[in-house]
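Single-structure report; data block below.
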Amino acid sequence: MEIDVQSKLPSDHVDIIGVQSQGSKQADLFTKTFLKRTLPQNKNDQEFLIHKAVVLEHHKAKKAKEKRKKAKGLNAKERRAMKVFQIKPEHQKYSLFLPLHELWKQYIRDLCNGLTSASNPQMIQQKFLKADLHGAVLTVVRSKCPSYVGATGILVQEMKHVFKIITKEDKLKVIPKRNSVFGVEIDGFISHIYGSKFEMRSSERSAKKFKAKGTIDL
């Protein structure tokens, strides 16, 4: 049976579309050719169609995952150029850091489970060695450089090799850790710490075991 597509279209549309009538043999040949090109070559087309359901759909190509770039922090050179660690002159006021000192005292009291006359001085010293000293009042009691001896102030910044303190005269002083001994006072307790023991990261210091006594090269 031959299907005439032209008979189903208006006469004025046939010439525009250019549709040619197709016989059943031509349609069958087109179908087999189409299936041969699209279906797997290692299977029989007829059996595949009889026993399988064929879903003709468009498969979207998988998009490659974009690698997210990790945010990089500033390196040491960039931090120095931006003066990240420099305390501005208008902020070098002793009174500005008194609240920090009060917080530090409460932190040490909690760390030492309270400070009383019965507290063990060696135990307190070991706590100081592993504690964060930002906010503590430090006094240089001994130093290889005599000009540092007697300097007292609130510790506002600790670096690997130096302590930065603000004195009551609103002056910022930089004290080398090495070859210096510092006194720390709280609630009547005075403990001496050797600066050379602080030449490391605070995280490393908290896990390190220290000897009861230190040495200083004078």
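The values are calculated or read from the model by the stated rules, or taken from the named source; none is laboratory data. Just so we're clear, the structure is a prediction, and the values are computed from it rather than from any experiment. Note: ideal-geometry Cβ built from the backbone for every residue, glycine included; neighbour counts use all protein chains shown.
Here is a yes/no grid of residues against (1) at pLDDT below 90; (2) of a type in the set (D, E, K, R); (3) touching a strand residue (DSSP E or B) at 6+ places or on another chain (Cβ under 9 Å):
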| residue | (1), (2), (3) |
| --- | --- |
| ARG109 | yes, yes, yes |
| MET123 | yes, no, no |
| GLN126 | yes, no, no |
| GLY150 | no, no, yes |
| LYS171 | no, yes, yes |
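Rundown of residues vs (1) within 49 Å of the chain's Cα centre (by Cα); (2) modelled with pLDDT of 70 or more, yes/no style:
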{"site": "LYS8", "(1), (2)": "no, no"}
{"site": "ILE17", "(1), (2)": "no, no"}
{"site": "HIS58", "(1), (2)": "yes, no"}
{"site": "LYS63", "(1), (2)": "yes, yes"}
{"site": "GLU66", "(1), (2)": "yes, no"}
{"site": "ALA76", "(1), (2)": "yes, yes"}
{"site": "GLY114", "(1), (2)": "yes, yes"}
{"site": "ASN120", "(1), (2)": "yes, yes"}
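I'm trying to understand the selection: among the residues of region 107-131, which are surrounded by fewer than 12 Cβ atoms within 10 Å (Cβ to Cβ) and in a helix (DSSP H, G or I)?
Step one: filter region 107-131 for residues surrounded by fewer than 12 Cβ atoms within 10 Å (Cβ to Cβ), giving 110, 113-114, 116-118, 120-123.
Within region 107-131, ASP110, PRO121, GLN122, MET123 qualify.
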Just checking, does region 132-141 include any residue being outside the structural domain of LEU172 (by TED's automatic domain parsing) and either closer than 22 Å to MET200 by Cβ or at pLDDT 90 or above (or both)?
no
Can you give me the number of residues within region 102-116 that are among the charged types (D, E, K, R) and either touching a His at 6+ places or on another chain (Cβ under 7 Å) or under 11 Å from ASP187 (Cα atoms) (or both)?
2
Top-ranked residue in region 135-157 [being aliphatic (A, V, I, L, M) and without any contact (Cβ under 8 Å) to a residue 40 or more places away in the chain; ranked as farthest from ILE87 (Cα to Cα)]:
VAL149
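In region 79-90, how many residues are free of Cβ contacts under 8 Å to residues at least 60 places away in the same chain and either β-branched (Val, Ile, Thr) or within 25 Å of ILE186 (Cα to Cα) (or both)? Break it down stepwise before answering.
Keep residues of region 79-90 that are free of Cβ contacts under 8 Å to residues at least 60 places away in the same chain, which gives 79-84, 86, 88-90.
Filter once more, keeping what is either β-branched (Val, Ile, Thr) or within 25 Å of ILE186 (Cα to Cα) (or both): 84.
Total meeting the criteria: 1.
For region 122-140, give me the residue count where each residue is of a type in the set (Asp, Glu) and over 33 Å from the mean Cα position of the chain (by Cα). Working first, answer last.
Taking region 122-140 first, the residues of a type in the set (Asp, Glu) are 132.
Those still in the list that are over 33 Å from the mean Cα position of the chain (by Cα) too: none.
Count: 0.
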Selection from region 157-184 of residues more than 29 Å from the chain's Cα centre (by Cα) and of a type in the set (S, T, N, Q) yields THR167, ASN179, SER180
Quick check on this structure: which one of ILE154, ILE175, ILE186 is over 22 Å from PRO99 (Cβ atoms), in contact with a helix residue (DSSP H, G or I) (Cβ under 7 Å, 6 or more places away or on another chain) and crowded, with 18+ Cβ neighbours inside 10 Å?
ILE175
Residue list for region 78-107, restricted to those being modelled with pLDDT of 80 or more, among the charged types (D, E, K, R) and more than 20 Å from VAL174 (Cα to Cα):
GLU102, LYS105
Output for region 93-131, where each listed residue is farther than 26 Å from GLU204 by Cα and in contact with a Ser or Thr (Cβ under 7 Å, 6 or more places away or on another chain)
TYR94
